[in-house]
Amino acid sequence: MNPLKLTIAVTGLNNTDNPGPGIPVIRGIRDSGTIQPRIIGLAYENLEPGIYMHDMVDKTYTVPYPSSGTGNLMERIREIHEKEHIDVLIPNFDAELFTFMKGIEELNRLNIKTFIPTLQQYEERHKANLPEYGKKYGVNVPDSFTVASPGDLKKIRDHFDFPVVVKGKFYDAYIARSQEQAEIYFKKISAKWGVPIIIQEFVRGTEVNVVALGDGNGGTVAAVPMRKLYITDAGKAWSGISLDDTSMLDLTYHIIRSTKWKGGMELELIRTSDNKLYVIEINPRIPAWVYLAVGAGQNIPEALVRLAMGIPVQPMKTYKTGIMFIRYSYDMITEVKEFEKLTINGEL
């Protein structure tokens, strides 16, 4: 069977100590035996390392931040599409998904395929909505409430004992062990991501994660559980290992079946000392550690592209356990003229 020649646009090229999923997603696609890709990078910043990884990304275009509005982003996508004829677009950041969802009619008009959650799926799994989500779908979640101003933090003592987890609506989470720390983290997160801020009950236990792919009809195409072995100061996994854990898989199947989840997802879980699993976050896209799943035998990026193109994918039921990933730092060398060309022309 001849490989499918596709032009695939990918965001999330910031492969730093807080890496985006873009490069691991691209690695999975390039590992595929069924897809021959031309990869178009979509970059928000001129120093995203993936821009300059020419063995990974064939061409890069700068795009406006989603906060500039759906219209501006879609106009730029149209300009790029006229040159590149994009077949599939894979957004990899929580913060941009809403904008792409709002632009889905325009993407459909351009015949640019995506495979992302519906707006309802995206909204109901928000951190701020997690208690209602737990009740609706019968899963254990920590209690939480939202705050919009530093004064609202006084409510913490009415709900929880310290420590508590202070979370941004898109990213960042800190464990606050006092009222003073909660105020510091509120200011830090709100300055970066805005309000509301989520105050979540602290659940003691071991953090474990699942990367999964739902087919949009309740079926789980892929799912690989993982435990972090090394965590950076930013709270990101720098090393992890695939697990043989049927309870994590059963929970994943239940959530995808109940919600009819469409697209990639990451479940962030806490396993308590009495062996209960608590869902602390549901990230509505492929996580940056997805290449572990590829190495364990489930090529989730490849499957997502095939689903976006309307090609049936058989569920992947097996994977290798005891497979590890270990990230490393690497100094790329490039010429300043490449940076200048991207800055001036908006493409490289």
Problem set entry | Failed item in (1) more than 22 Å from Ala303 (Cβ to Cβ); (2) free of Cβ contacts under 8 Å to residues at least 24 places away in the same chain, with Ala234 passing the rest | (2)
Seminar exercise, completed: Of the residues in segment 255-289, those that are of a type in the set (Asp, Glu) and either assigned by TED's automatic domain parsing to the domain that holds Gly168 or over 18 Å from the mean Cα position of the chain (by Cα) (or both) number 1
Exercise. Quick check: is even one residue across segment 100-109 outside the structural domain of Leu213 (by TED's automatic domain parsing), farther than 19 Å from Asn283 by Cβ, surrounded by fewer than 16 Cβ atoms within 10 Å (Cβ to Cβ) and of a type in the set (Asp, Glu)?
Worked result: yes
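Results for (1) buried (at least 18 other Cβ atoms within 10 Å of the Cβ); (2) under 21 Å from the mean Cα position of the chain (by Cα); (3) not assigned by TED's automatic domain parsing to the domain that holds Glu340, shown as yes or no for each residue.
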residue	(1), (2), (3)
Gly12	yes, yes, no
Asp31	no, yes, no
Ile39	yes, yes, no
Val63	yes, yes, no
Gly71	no, no, no
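Just to be sure before I move on: is Lys167 among the basic types (Lys, Arg) and surrounded by 21 or more Cβ atoms within 10 Å (Cβ to Cβ) in the structure I sent? So that I can check it myself, show each step before the final result.
Values: among the basic types (Lys, Arg): yes; surrounded by 21 or more Cβ atoms within 10 Å (Cβ to Cβ): yes.
Against the criterion (among the basic types (Lys, Arg) and surrounded by 21 or more Cβ atoms within 10 Å (Cβ to Cβ)), Lys167 qualifies.
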Exercise. Pairs, please: C-beta under 7 Å, at least 6 apart or cross-chain, first residue on the phi > 0 side of the Ramachandran plot and in segment 103-122, second of a type in the set (Val, Ile, Thr) and in a helix (DSSP H, G or I)?
Worked result: none
For this session: Go through Asp161, Asp172 for me and flag whichever is out of contact with any strand residue (DSSP E or B) (no Cβ under 8 Å at 6 or more places or on another chain), closer than 15 Å to Val203 by Cα, not small (Gly, Ala, Ser) and not assigned by TED's automatic domain parsing to the domain that holds Asn217.
Result: Asp161
Exercise. Among Lys192, Lys188, which is closer than 23 Å to Phe93 by Cβ, touching a residue at least 24 places away in the same chain (Cβ under 8 Å) and not in a strand (DSSP E or B)?
Worked result: Lys192
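Would you check if Glu96 is of a type outside the set (Gly, Ala, Ser), part of a helix (DSSP H, G or I) and at pLDDT below 95?
Numbers: of a type outside the set (Gly, Ala, Ser): yes; part of a helix (DSSP H, G or I): yes; at pLDDT below 95: yes.
Answer is yes for this residue.
On the basis of being farther than 14 Å from Gly22 by Cα, of a type in the set (A, V, I, L, M, F, W, C) and touching a residue at least 40 places away in the same chain (Cβ under 8 Å), does Ile86 make the cut?
Values: farther than 14 Å from Gly22 by Cα: yes; of a type in the set (A, V, I, L, M, F, W, C): yes; touching a residue at least 40 places away in the same chain (Cβ under 8 Å): yes.
When the stated conditions are applied, Ile86 passes them.
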Exercise. Only one of Gly214, Gly134 is at pLDDT 95 or above, of a type outside the set (A, V, I, L, M) and either under 18 Å from Asp94 (Cα atoms) or not in a helix (DSSP H, G or I) (or both); which?
Worked result: Gly214
Exercise. Within the bounds of segment 141-154, is there any residue that is buried (at least 16 other Cβ atoms within 10 Å of the Cβ), in a helix (DSSP H, G or I) and modelled with pLDDT under 95?
Worked result: yes
Seminar exercise, completed: For Ile286, the lone unmet condition from (1) touching a residue at least 40 places away in the same chain (Cβ under 8 Å); (2) farther than 24 Å from Ile104 by Cβ is (2)
For this session: Starting from residues that are out of contact with any Gly (no Cβ under 8 Å at 6 or more places or on another chain) and acidic (Asp, Glu), keep the ones in segment 298-340 and report whichever is nearest to Leu249 (Cα to Cα).
Result: Asp331
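The values are calculated or read from the model by the stated rules, or taken from the named source; none is laboratory data. Since we're looking at a predicted model, the values are computed, not measured. Don't worry about glycine lacking a Cβ; one is built from the backbone with ideal geometry, like all the others, and counts go over all protein chains shown.
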